[in-house]
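J.: Before I ask anything, here is the structure I am working with.
The values are calculated or read from the model by the stated rules, or taken from the named source; none is laboratory data. The shown structure was predicted, so the numbers you read here are calculated from the model rather than taken from an experiment. Methodologically, a virtual Cβ is constructed for each residue, glycine included, from the backbone with ideal geometry; neighbour enumeration extends over all protein chains shown. Side chains are part of the model used for accessible areas, which takes the heavy atoms of the whole protein and leaves out ligands, DNA and RNA. Shrake-Rupley method; radii C 1.70, N 1.55, O 1.52, S 1.80 Å.
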Amino acid sequence: MKTLLSIVLFCIINFHKIIFAFVPSGRGEHNAVLVDKKLYFHGGWAAGEGYAPSQLFYLDVSKSFTILDISLMPWTNLSSISGVTCKTGATACADETTIYYIGGWHCGGLVSKFNTISLQWSEPTTSGSIPKEEIKFVHCVILENNIYIYGGYAVHKMNILDTSKLFWSTFTSSLIYSGTHFYSATLLNDSILYIGGAFHSLDGCQTNSNQELPISIYNTNDNTWRIVTTSGQIPTRKCDHASVYIPQHNRILLFYGVDDITINSLDTLTFTWTIAVILNSGGPRRRLVRHSATLIGAYVLIAFGFYLTDEGRITSSDIFLLDVSHKDSYKWVTTYDPINSIQPIPTSPTSPTLPTLPSNINIGIVIAGAIGLLIIGMIIGSVITGLLRSVIERANINRINYDQLP
């Protein structure tokens, strides 16, 4: 009887979970930020409807799940938290456990702040060279306490928010990047790599003088720009796409965009472009824009966005998983395993690359070591020479004595 009662109670609880489980609706122009095994989604727009409902929620990526039925994925809705404001077309960066949402169209302030530990939402007051409302469809990069945001609608400048002081500063230079929004931005050491984008509208996805995709690097140390020359299968243009950086493979992957169903791969060591090798069918089958792509363990999770059709935009509620655990080929999967990790690049034993000395070794120590080895070699050589000479002399003496025998 107790066993039967336990089974019934278990079924009731799980039935309740299934019926009342939170399932996020489709949206585009949202933000997805990974903090401590939780992928936080905020904001977004539903085509033809307005701001997407449930503006703040997360996906627990410490658990395994399948994307075949998103209602069974481990979602948690946080939209009922006091003060949560709506945004769309904003950018977001995490400073440790705090997420900053900046710009876009909004029903709150220019900057919103969410503490993932205390679950508190706030609209902080900032000072300095506060940007105007042109910061839309841009991407931020955070380095130490500074959030870097380039561009906006027809605006060529770098806005920097110091999160420790909530103070804005602005930098411009003679060399400026062409795409001011709908680009992708990737932090590489102390520089930011900007790829693609548009200037005024999506019809103007930028190309360089060779009708190739423009790439520039912004140096955060001296606030200067430089143009990057690339090779390989260079895309003609790329805007309104999503991107991820895989540091284990030194690769940036660009996902889809306007008039594009391609996944492009850029080697950040050689700046060589290739088309990503996908081993199986899957993923979006139509043009996808204003989606998010997040590297989580060995997977890239692509979420939501707008499908572009001849009839207009269709809001997507789809989730896709790309297994990127191997460097040179990827595959679409439907099951997420939190234990799966990216395989390190194997070191070839026949590599012709010569070893190099670490940069922190003192050249004086290297020279002293070489001299020491030379001296030791001379001493050993002298000893061996002496022994050989002694042996030869003894042999000569014995030969003389032998010759004197009757």
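J.: Show me the ranking of peptides 225-235, 83-93 by mean Cβ neighbours inside 10 Å, starting with the highest. Walk me through the numbers before you get to the answer.
T.: Numbers: 225-235: 14.2, 83-93: 21.7.
Those peptides, ordered most packed to least, come out 83-93, 225-235.
J.: Report the Cα centroid-to-centroid distance between segment 130-170 and segment 273-323 in angstrom, as an integer.
T.: The distance from the Cα centre of segment 130-170 to that of segment 273-323 comes to 27 Å.
J.: So for the pair Asp259, Thr172, with labels modelled 7 Å out along Cα→Cβ, what separation do we get in nm?
T.: Modelled inter-label distance: 3.1 nm.
J.: Taking 0.36 nm per intervening residue step and subtracting the Cα-Cα distance, what contour gain separates Arg286 from Asp190 on full extension? Could the numbers behind the result be given before it?
T.: Values: separation 96, 0.36 × 96 = 34.56 nm, distance 3.61 nm.
Answer, rounded to one decimal: 31.0 nm.
J.: Right, something else. Excluding Ala298 itself, what net charge comes from residues whose Cβ is under 15 Å from its Cβ, given Lys and Arg +1 and Asp and Glu -1? Working shown, then result.
T.: Numbers: positive: Lys37, Arg251, Lys327, Lys331; negative: Asp323, Asp328, Asp337.
Net charge around Ala298: +1.
J.: Also, quick follow-up: Going from most exposed to least, what order do His326, His291 have by accessible area with a 1.4 Å probe? All intermediate terms of the calculation are to be shown ahead of the outcome.
T.: On the way: His326 105, His291 15 Å².
Accessible-area ranking of His326, His291, largest first: His326, His291.
J.: May I ask you to give the average projected area over all directions of the convex hull of the Cα atoms of segment 65-190, in nm² rounded to one decimal? Walk me through the numbers on the way to the answer.
T.: Working: hull surface 39.0 nm².
Mean shadow area of the hull around the Cα atoms is 9.8 nm².
J.: Straight distance only, please: which lysines reach the Cα of Lys157 with their own Cα at less than 19 Å, same-chain residues fewer than 8 apart left out?
T.: Lys132, Lys136
J.: How much length is gained on full extension from Ser118 to Ser164, taking 0.36 nm per residue of separation minus their Cα-Cα distance? Walk me through the numbers before you get to the answer.
T.: Numbers: separation 46, 0.36 × 46 = 16.56 nm, distance 1.82 nm.
Contour length minus Cα-Cα distance gives 14.7 nm.
J.: Extension gain Ser79-Thr229, at 0.36 nm per residue separation less the Cα-Cα distance, in nm?
T.: Using 0.36 nm per residue and subtracting the Cα-Cα distance, I get 49.5 nm.
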